[in-house]
Amino acid sequence: MKIAFVDLKAQYLSIKDEIDAAVADVIDHTAFIGGEQVRLFEEEFAAFCDVKHALGVGNGTDALELALSACGIGRGDEVITVANTFAATAEAIVSQGAHPVLVDSDPRTYNIDVGKIEECITERTRAIMPVHLYGQPADMDPILELTRRHNLIVIEDAAQAHGARYKGRVAGTMGDVACFSFYPGKNLGAYGDAGAVVTNSEEIASKVALLRNHGASEKYMHEVVGRNSRLDGIQAAVLRVKLRHLRAWNAARRERADWYNELLADLDVVTPYEPEWSEAVYHLYVIRVAQRDLVRQRLQEVGIATGIHYPIPLHLQPAFRYLGYKESDFETTEAYAGEILSLPMYAELTREQVEGIVGELERVLDGLR
Ligand SMILES: *Cc1c(COP(=O)(O)O)cnc(C)c1O
């Protein structure tokens, strides 16, 4: 048995004709930057998210930086986010000169613990940046209630949650602005780097439009100091093809999560918890297991690749040591960092493969008993 953690080749082969034609068309028109494909993708992605504006940018990290900048967040401001996330979430805050304030994660959903946010709000707090981690929406209603009461901005990091729903609402449409990554391994992935900012706010959309293009409203007319963070034509064409399949792929991921849940039920592992208000899109299928590193190694030996998201919480990373946190500051995040294990998860996984993975895991766990 040989099972990859993510199998982008299998996905490509399933849509090869569409992709090849779309890429060839961009090259044929030499529409490498901007142009029809980018405009159409922005329209179609906005419709998919049920939001007024989608702006293509260079990658998901840029999307976060541009969203923060468009909201006027900068030096001296504090932004509250979660300790269990990818480094980019906090990096983007730091890049704007602002200060990330971290919160522990919820023991069941692994998302920001909404009961621990309010105690972190100070008069410098400007925004909350929840992350819809692993493709499951954060518990947004308590966050939105807090932000209304304290007059804060909400920037959703939806980089792992294309199409996820919270009480029927699409992830990325509940805050003031949201950010998506189209890194190749994400649920909607380009064939290179790409990202998007989505918002219902005319004001934020027009600011991001300026900032991503050197602050220029028209060629060589620079209203503000911006930067270069553009979505290119080839990536937009690939994303348009893949967006047509995204609903089916997300449904297939949910089906595979059900298979895992069913097959893992009698094993000594904790399967993902999905609250009744959540419709997760399983960017990652994360279990918790004792002796995780040994289990992971044994699975690797029989050809099953797994991941850890994330092995070291942000506050214990060398890059963020300056924030002044210490070990045991975030008990849940720290306890889980040594137990979480991401199993292979993609639409092309077969039932047979999922059964094979669970069978091997069972054998490994029996061997460790
Ligand atoms: C992938 C990811 C990002 C960054 O996206 P890039 O496109 O890689 O820059 C940000 N936040 C989270 C939670 C992510 O998973």
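The values are calculated or read from the model by the stated rules, or taken from the named source; none is laboratory data. These numbers come from a predicted model, not from an experiment. For neighbour counting, all protein chains shown are included, and Cβ atoms are generated from backbone atoms with ideal geometry for every residue, glycine included. Remember, those area values only see protein heavy atoms, side chains included, never the ligands or the DNA or RNA. Shrake-Rupley method; radii C 1.70, N 1.55, O 1.52, S 1.80 Å.
Laid out as a table, the results:
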read-out: Those residues of segment 57-84 whose amide nitrogen sits under 16 Å from the label point placed on E123, 7 Å along Cα→Cβ; value: 76-78
read-out: Value of relative contact order over segment 17-101, rounded to a whole percent, pairs C-alpha under 8 Å and six or more apart; value: 22 percent
read-out: GNM result for the chain, Cα springs below 10 Å: residue of A280, A98, A54 fluctuating most strongly; value: A98
read-out: Added length on full extension, which subtracts the Cα-Cα distance from 0.36 nm per residue, V270 to E203; value: 19.7 nm
read-out: Formal net charge of residues neighbouring A31 (Cβ-Cβ distance under 15 Å; K, R +1; D, E -1); value: -2
read-out: In sequence order, calculated HN-Hα J values of segment 258-268 (Karplus, 6.51, -1.76, 1.60; Hz; x Gly/Pro); value: 4, 4, 4, 3, 5, 6, 8, 3, 9, 8, 7
read-out: Segment 145-217 - Rg (one decimal) and Dmax (whole number), Cα, Å; value: 13.8, 42
read-out: Accessible surface of the chain, 1.4 Å probe, proportion on carbon and sulfur as whole %; value: 49 percent
read-out: Part-to-part distance (alpha-carbon centres) for segment 264-292 and segment 314-359, which is given in Å; value: 11 Å
read-out: Residue pairs, from the table K116/K326; K52/K207; K16/K52; K186/K242; K167/K207; K219/K242, whose Cα atoms sit over 23 Å apart; value: K16/K52; K167/K207; K219/K242
read-out: Around D50: net Lys/Arg minus Asp/Glu count, Cβ-Cβ under 11 Å; value: +3
read-out: Environment charge of E334, counting only residues whose C-beta is closer than 12 Å and scoring Lys/Arg +1, Asp/Glu -1; value: -4
read-out: Peptides ranked, highest mean first, by Cβ atoms within 10 Å: ranges 237-247, 254-264, 30-40, 9-19; value: 237-247, 254-264, 30-40, 9-19
read-out: Fraction of antiparallel bridges per DSSP, the chain only, in percent to nearest 5; value: 60 percent
read-out: Taking segment 223-318 and dividing mean pair separation by its residue count, relative contact order in percent (alpha carbons under 8 Å, at least six apart); value: 19 percent
read-out: Y220-H245 FRET efficiency (beta carbon distance; Förster radius 45 Å; 0.05 resolution); value: 0.70
read-out: Solvent exposure of the chain as accessible area per residue, Å², 1.4 Å probe; value: 43 Å²
read-out: Taking N as its residue count, the alpha carbon Rg of the chain over 2.2 N^0.38 Å; value: 0.99
read-out: Other-chain or far-sequence residues with amide H under 5 Å of I112's (modelled H); value: D106, V131
read-out: The chain: most fluctuating residue of G175, G135, G192 per GNM, C-alpha cutoff 10 Å; value: G192
